[in-house]
Amino acid sequence: MLRRTLAIALKELLQLRRDPRTAFTLLAMPVLLLFIYGYALSFDVQHIRLAVVDEDGSRAARDVTDAFLRSGYFDLVGYGHDARALDPMFASGAAQAAVVVPPRYGDDLAARRHTQLQFVLDGSDSQTATTILAYARQIVASLSPVARTGGGEGAVVGLPLVWYNPDLASARFLVPGLLAFIMMVTAVIATALAIVREKERGTMESLRATPLVAIELLAGKTLPYLLVSFVAASTSLALANLLFQVPVRGSLLWLALVMLLFLAVSLGWGIFISTLAETQQVAFQLGLLSSMLPTLLLSGFIFPISSMPPALQVITHIVPARYFLVALREIVLKGAGPEVWWNQALGLVAYGTVVLGLATVRTVRSL
Amino acid sequence: MSASAPVVVASELSRAFGAFVAVDRVSFAVPPGEIFGFLGSNGAGKTTTIRMLCGLLAPTGGSATVLGLDVGRQAAEIKRRIGYMSQRFSLYSDLTVEENLRFWGGAYGLFGGEIAARIEWAIATAGIEAQRRTLVRELPGGFRQRLALVAALLHRPPIVFLDEPTGGVDPEARRRFWDLIDELAAGGTTAFVTTHYMDEAERCHRVALMHAGRLLALDSVPALKRIFPAGSVVEVACRRPAAAMAAIERMAGVEEVALFGERLRVVLARPSAAGGLGELVREVGGEGAELTAVDPSLEDVFIHVIARAEGRAA
C-alpha cells in the first residue's frame with residue numbers, strides 16, 4: 001500500500017520538476033501575490049491632500065495647520081484666505097480635505113470663548129473619508145485648551161491603547177488572510193489539475209487497470225502538493241514577517257499544524273473538483289471560482305464576518321478559510337495557544353473529514 | 001488450476017449501456033500461451049469486452065473468468081495478476097523511459113532489486129537500451145508502443161490484454177511489435193489482442209470475429225478461410241477492369257467484387273460459377289484476360305461472415 005502510494009508521489013514530484021510553469025505557479029506565485037497584494041491592499045490612509053483656508057491669520061491659526069502636518073497623515077496642497085478657492089480644488093481632486101479657520105479664531109481661543117473649526121471633506125470614497133474624519137477629530141481635540149491642560153476643569157480625555165497591532169497597520173490584519181487566500185487557491189487548483197490531467201491524457205485508464213486503489217492514488221497525488229504548498233506558505237509567512245512586520249508571536253508548531261489542517265481541506269476540495277471535471281480547463285475554472293471568491297468575500301479576510309447580515313454569517317461556515325483565518329490571526333498576532341482556537345481547528349478537522357470523505361467516495365465510484 | 005486449463009473463459013458475457021447492447025452473449029475460451037485475436041470494426045464491442053475481462057467494467061449479463069477469477073467479483077485480484085495496455089497512450093510523455101518503467105513497476109507493488117532487474121529486462125526486451133534516459137515524448141511511435149507493452153509486463157503477468165496496440169504506427173514498427181508478441185507467447189505468456197488490422201489478425205493463433213456486439217466466428221486463420229470452398233476466390237486481370245467489374249456485379253452467383261489496382265478480386269458463391277465468369281470477362285474485359293484462383297483473405301472471410309449473419313437476421 002505504502003509502496004504504491006510512494007510510487008505515485010515520486011512520479012508526481014518528477015513531473016513537477018519537468019514542468020517549470022506549474023512549479024513556478026506553486027512556489028513563486030504565493031510570494032509574488034503576497035508582494036503585490038501586500039503593498040496594494042491597504043486600508044491605511046496617508047498623504048491626504050489638505051488645503052487650509054485661514055480667514056483669521058493669527059498665530060493660533062497657524063498652529064492648526066502645523067498640527068495637521070505634524071500628524072504625518074496630511075500633505076499641504078494649498079493655503080489661502082478665501083474659502084471660495086476650495087471649490088475648484090475639490091472638483092479637480094487636488095484636495096481631499098480642507099480646514100477652514102474662521103475669523104477671530106485666535107482671539108476667541110485666547111479669551112476662552114467657544115469657537116469652531118470647519119472641516120471639509122470629499123465624501124465620494126466613504127471609507128477613506130471616515131478614516132480621515134477620525135484623524136481630524138483626534139488632531140482637533142489636541143488643539144482644544146481643555147485637552148492641552150490635561151483635563152483641568154474635569155474634562156475626560158480618552159487615551160487609546162491598542163493591543164496586538166498598536167499602530168493599527170492594516171497589513172497585520174490583511175496578510176494572514178492573504179496567506180489563507182493564496183494557499184487555498186494554489187492548493188485547490190494544483191490538485192484538481194494533477195488528477196484531471198491523467199484523465200485528459202488517457203493515463204487514468206491504465207492506472208485503473210493496476211492494483212492501485214482510490215486511497216493510494218489520492219494519497220500519492222496529494223502528498224507532493226501538500227509538501228510544496230506547505231513550503232510556499234511558510235516562505236510567504238516569513239516574507240510577510242520581513243516586509244510587512246507581521247509578527248509571529250505564537251508557537252511555530254501550532255502554526256504548522258493549523259496550516260497543514262487547512263491545506264488538507266484545500267487539497268480535499270481540489271480532489272472533489274477533479275471528480276466533477278473532465279478537462280483541465282474546466283477543473284481550473286471550477287477550482288478558481290470555488291476557492292477564490294468565497295475566500296475573498298466570506299472568510300473575514302477583508303470584510304469582518306461580524307458586520308455581515310445574519311444570513312450571510314451562516315453561509316460563512318462553509319468557507320474553510322474562515323476557521324483557518326481566526327486561528328491564524330490568534331496564533332500569529334496574539335500568540336494564543338490551542339485553548340483559544342481549538343474550536344476553529346475542530347472546524348477544520350470536521351470540514352476536512354467531510355470533504356476528503358466525499359472526494360474519496362466520488363473517486364472510488366469513478367474508478 | 002492445471003497448466004492447460006483455459007486462461008480466459010467467457011460464457012454468454014454481455015454488457016448493455018441502457019438500451020444499447022455493446023456486447024451480446026459472447027462465449028469463448030483462451031488456452032495458455034495463445035495469441036488470441038479479437039477482430040472487428042470500431043464499435044463492434046472489442047474494447048468493452050476487454051474492459052470487462054480486465055475488471056474495469058462489470059458485466060450486465062453472463063460471466064467470465066480470467067486466471068480462474070470471476071471478473072465481476074474478483075476484479076481487484078485480477079488487476080494484480082494481469083497486464084493491460086490500453087487503447088489510449090498509457091505512458092507519461094514528460095518522464096523518461098526508465099522513470100516510466102519505475103513508476104509502472106511501483107504501481108504494481110514491485111520494489112528494490114526486483115524492480116531494478118525487471119526494468120533491465122524490459123529495456124532489453126523492447127530494444128531501447130540507447131533511449132533509457134530519453135523523455136517518452138521524444139521517442140518514435142514504434143518505440144513507445146514496445147515500451148508500453150513491456151511496461152505492462154513488469155510484474156510477470158501470465159496474460160496480457162492489448163487493446164488496439166499498434167494504432168498509428170508504421171508497418172515496420174508494427175512488424176517489430178508483433179515479433180515481440182510472438183517471442184512472449186513462445187515464453188508462455190498469453191496475449192489477448194484486439195485489432196481492426198487484417199494483417200495483425202493473420203498473426204494470431206486464433207481469431208474471433210466480432211460484429212455489432214456478437215461473436216460471429218472463432219477459429220484459426222486457415223480454418224476460417226476454409227469457409228470458402230477451393231476456387232471460390234478468383235483474381236481477374238483484363239484490359240478494361242471497370243467495364244468488367246460492372247458486368248460481374250450483375251452476374252448471378254457472385255458474392256462480391258472489388259478492384260485492387262488493375263486487378264479484380266471476385267468472390268463466388270460456388271466454385272462452379274468460375275466457368276461463366278471466364279466467358280463474361282473475355283467478352284467484356286477485352287482480349288487476353290486472365291483468371292487465377294487465389295487464397296481467400298481474412299477480409300474476404302470477415303465480409304462473408306458479416307453478410308451471412310446480417311442476411312440471417314433480415
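Here, each number is a calculation from the coordinates, and none is a lab measurement. The model shown is predicted, which means the values in this text are computed figures rather than measured ones. With ideal geometry, Cβ positions are generated from the backbone for all residues, glycine too; neighbour counts draw on all protein chains shown.
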At q = 0.23 Å⁻¹, what log₁₀ I(q)/I(0) does segment A:193-317 have when each alpha carbon counts as one equal point scatterer in the Debye sum? -1.35
If you split all Cα-Cα distances of segment B:30-103 into 10 Å bins from zero, what percentages do you get per bin, shortest first? 16, 40, 32, 11, 0
Run through the DSSP bridge list for segment B:8-220 and note the antiparallel percent, rounded to the nearest 5. 55
Between Rg and the Kirkwood Rh of the protein assembly as shown, both from Cα atoms, what is the Rg to Rh ratio? 1.25
Going fewest to most other Cβ atoms within 10 Å around each Cβ, B:Thr96, B:Thr125 line up as B:Thr125, B:Thr96
Among A:Ile182, B:Ile78, B:Ile227, B:Ile306, which comes first, then next, by fewest other beta-carbon atoms within 10 Å? B:Ile227, B:Ile306, A:Ile182, B:Ile78
Determine how many Å³ per residue the convex hull of the Cα atoms of chain B encloses. 158
Quick one: Cα convex hull volume of segment A:309-348, Å³ per residue? 68
For the Cα atoms of chain A, what angle does the longest principal axis make with the long axis of helix A:280-298, in degrees from 0 to 90, nearest 10? 40
Normalised convex hull volume, segment A:48-148, alpha-carbon set, Å³ per residue: 87
Rg to Rh ratio, segment B:74-198, alpha-carbon atoms and Kirkwood radius? 0.93
Of B:Val254, B:Leu264, B:Ala244, farthest towards positive along the dipole that unit charges on Lys, Arg, Asp, Glu beta carbons give segment B:233-295: B:Ala244
Please name whichever of A:Tyr39, A:Gly57, A:Leu14 sits farthest to the positive end of the charge dipole of segment A:1-154, dipole taken about the Cα centre and charges placed at Cβ: Lys and Arg +1, Asp and Glu -1. A:Leu14
Suppose every K and R has +1 on its Cβ and every D and E has -1 on its Cβ; what is the size of the dipole of chain A about the Cα centre, in Debye to the nearest 20? 1480
Going from the fewest other Cβ atoms within 10 Å to the most, one would list B:Ser232, A:Ser291, A:Ser58 as A:Ser58, B:Ser232, A:Ser291
Hey, what D do you get for chain A in µm²/s if you plug the Kirkwood alpha-carbon radius into Stokes-Einstein at 10 °C and 1.306 mPa s? 66
